[in-house]
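The values are calculated or read from the model by the stated rules, or taken from the named source; none is laboratory data. These figures come from a predicted structure and were not determined experimentally. Glycine gets a Cβ as well: all are built from the backbone with ideal geometry, and neighbour counts include every protein chain shown.
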Amino acid sequence: MRYIIFLWVIIVCNCNYGFSVFGMELDPEKDSFFLREFTSRLSSAIEENDTRSVKSFQEEFDRLGGMNWEKEADVLGSLSWGMDSDYKRIVGAHLFWDTAINPPHQNLLRQNLDPLRTADSHEWERAFHACRGSISEALQNHAYLRLPSRCYAVAISAHYGNPIARLFTLEFLQLLKKPNTREVRALNEMLRSICFNLRDIPSMRLSLRTFLSLDTRDFRDLSEDQFDDVEALERKSALGLPRYTELLGNYYFRLYHKTHKTPDSQTQTNLEKAIKYHTKSLKEGDPMGALSLCSFRASRGESDIAEYYEAQREVFLRGYFKNYKSLSPEDRDLLSSFLDKLYRSIRKFVE
């Protein structure tokens with residue numbers, strides 16, 4: 001038994017100092033497995049909306065050394081974005097962006113940027129401003145994209161040199177400020193520099209064209225007059241966009257409310273579908289699902305109003321702060337302070 005313990009101690013110590021055991025390299029600073037484990041922990045912190053932990057991941061990544069960063073960039077398929085030789089920054093920009101935003105929402109953002117694919121130098125600035133408007137609209141439409149920890153991770157990607165992450169971050173920051181203020185004018189100047197860098201720096205433009213390799217499916221948003229088209233909503237929901245899963249829940253709740261006082265054969269089915277879709281949207285990252293379910297339960301006397309307000313407060317703190325004036329005065333002050341700190345903290349990554 002003592003021999004087994006002794007052997008285990010030797011193995012653990014060797015792991016810590018980068019020796020090979022049974023022919024396997026176990027030094028985390030030289031093994032791609034460590035980066036996979038790193039991104040797994042980062043992903044958990046983002047989904048838990050733990051902004052403090054997300055910042056600590058940037059500090060942890062900055063301390064990493066001894067890796068073959070050029071090899072890791074090649075393995076990951078990382079885009080250079082004009083950073084031709086700083087492979088550690090290239091990998092960092094890739095990891096934080098890719099971990100923050102899942103493939104469906106990346107495809108949504110890519111399709112919003114599609115006008116830049118064919119724009120020539122004379123059309124470029126106009127196309128860029130159209131893309132900016134689309135990105136801003138996507139941020140307002142999709143609560144998934146506004147989760148503060150997610151935006152924090154994207155800002156770190158911007159810090160490492162990803163101009164698309166920088167564009168996303170600057171548009172997010174504008175949502176936190178009133179229009180036509182000094183802060184917003186400064187953000188617009190930064191966005192203007194992104195516009196010309198994407199057009200004029202050859203390696204950045206090459207990365208942009210590579211980035212804009214589109215999924216053939218249509219991830220673009222539906223217009224409001226299509227929100228009662230259940231088949232269109234189902235198609236978007238199936239792509240992994242929880243906003244449309246939430247809208248499906250709303251659709252079936254409306255059908256349920258039309259008949260719940262005089263139930264027919266579809267009343268219970270509509271109720272079950274509404275609950276299913278709202279639950280699914282919550283699991284996929286849209287906090288409005290929780291609020292919708294809690295509101296419904298409160299209306300049926302299955303929970304008290306305090307639970308509803310607590311769910312509402314959680315929704316706003318997780319990024320659905322577009323209409324936060326419906327909160328109580330105390331929570332409005334709390335949320336206003338939170339958003340101001342969020343603005344100042346994220347702003348540092350793009351200065």
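Considering every residue within region 151-167, establish whether at least one is in a loop (DSSP other than H, G, I, E, B), surrounded by 14 or more Cβ atoms within 10 Å (Cβ to Cβ), out of contact with any helix residue (DSSP H, G or I) (no Cβ under 6 Å at 6 or more places or on another chain) and in contact (Cβ under 8 Å) with a residue 40 or more places away in the chain.
So far as region 151-167 goes, no, none of its residues is in a loop (DSSP other than H, G, I, E, B), surrounded by 14 or more Cβ atoms within 10 Å (Cβ to Cβ), out of contact with any helix residue (DSSP H, G or I) (no Cβ under 6 Å at 6 or more places or on another chain) and in contact (Cβ under 8 Å) with a residue 40 or more places away in the chain.
For region 126-149, what are the residues that are within 11 Å of the chain's Cα centre (by Cα) and either more than 14 Å from L170 (Cα to Cα) or surrounded by fewer than 19 Cβ atoms within 10 Å (Cβ to Cβ) (or both)?
H142, A143, Y144, L147, S149
Which residues, counting only those in region 51-85, are more than 16 Å from A165 (Cβ to Cβ) and not in a helix (DSSP H, G or I)?
Matches in region 51-85: L64, G65, G66, M67, N68, G77, D84, S85.
Any residue in region 232-253 that's farther than 17 Å from Q111 by Cβ: show its pairings with residues that are surrounded by fewer than 23 Cβ atoms within 10 Å (Cβ to Cβ) and among the aromatic types (F, W, Y) at Cβ separation under 6 Å, as long as the two are six or more apart or on different chains.
Close Cβ pairs satisfying both conditions: L247/F227.
Could you please tell me which pairs satisfy a Cβ distance under 9 Å, a separation of 6+ or placement on different chains, a first residue in region 185-206 that is surrounded by fewer than 12 Cβ atoms within 10 Å (Cβ to Cβ), and a second residue that is at pLDDT below 95 and not in a helix (DSSP H, G or I)?
D200/S121; P202/G82
Does I101 count as over 20 Å from S32 (Cα atoms) and among the β-branched types (V, I, T)?
yes
Test L233 against the criterion of being closer than 21 Å to P287 by Cβ, surrounded by 13 or more Cβ atoms within 10 Å (Cβ to Cβ), modelled with pLDDT of 95 or more and touching a Pro at 6+ places or on another chain (Cβ under 7 Å), and give yes or no.
Answer is no for this residue.
Only residues that are within 30 Å of Y87 (Cβ to Cβ), outside any loop (DSSP other than H, G, I, E, B) and at pLDDT below 95: list them for region 133-149, please.
L145, P148, S149
Could you please find all residues in region 258-274 being exposed (fewer than 14 other Cβ atoms within 10 Å of the Cβ) and either among the basic types (K, R) or assigned to a helix (DSSP H, G or I) (or both)?
K258, K261, Q268, T269, E272 - these are the residues of region 258-274 that are exposed (fewer than 14 other Cβ atoms within 10 Å of the Cβ) and either among the basic types (K, R) or assigned to a helix (DSSP H, G or I) (or both).
Has region 275-287 got at least one residue that is in a helix (DSSP H, G or I), over 24 Å from E231 (Cβ atoms), modelled with pLDDT under 90 and not β-branched (V, I, T)?
no
So which residues in region 147-181 are hydroxyl-bearing (S, T, Y) and within 19 Å of C131 (Cβ to Cβ)?
S157, T169
With the checklist (1) surrounded by fewer than 16 Cβ atoms within 10 Å (Cβ to Cβ); (2) closer than 30 Å to R205 by Cα; (3) modelled with pLDDT of 85 or more; (4) among the polar types (S, T, N, Q) in hand, flag the one item S32 doesn't pass.
Among (1) surrounded by fewer than 16 Cβ atoms within 10 Å (Cβ to Cβ); (2) closer than 30 Å to R205 by Cα; (3) modelled with pLDDT of 85 or more; (4) among the polar types (S, T, N, Q), S32 violates only (3).
Taking region 211-230, which residues are surrounded by 11 or more Cβ atoms within 10 Å (Cβ to Cβ), closer than 30 Å to S80 by Cβ and not acidic (D, E)?
Answer for region 211-230, where residues must be surrounded by 11 or more Cβ atoms within 10 Å (Cβ to Cβ), closer than 30 Å to S80 by Cβ and not acidic (D, E): F211, L212, L214, R217, F219, R220.
Among residues belonging to region 94-128 that are free of Cβ contacts under 8 Å to residues at least 24 places away in the same chain and assigned to a helix (DSSP H, G or I), point out the one that is nearest to E72 (Cα to Cα).
Looking at residues that are free of Cβ contacts under 8 Å to residues at least 24 places away in the same chain and assigned to a helix (DSSP H, G or I), I get Q106.
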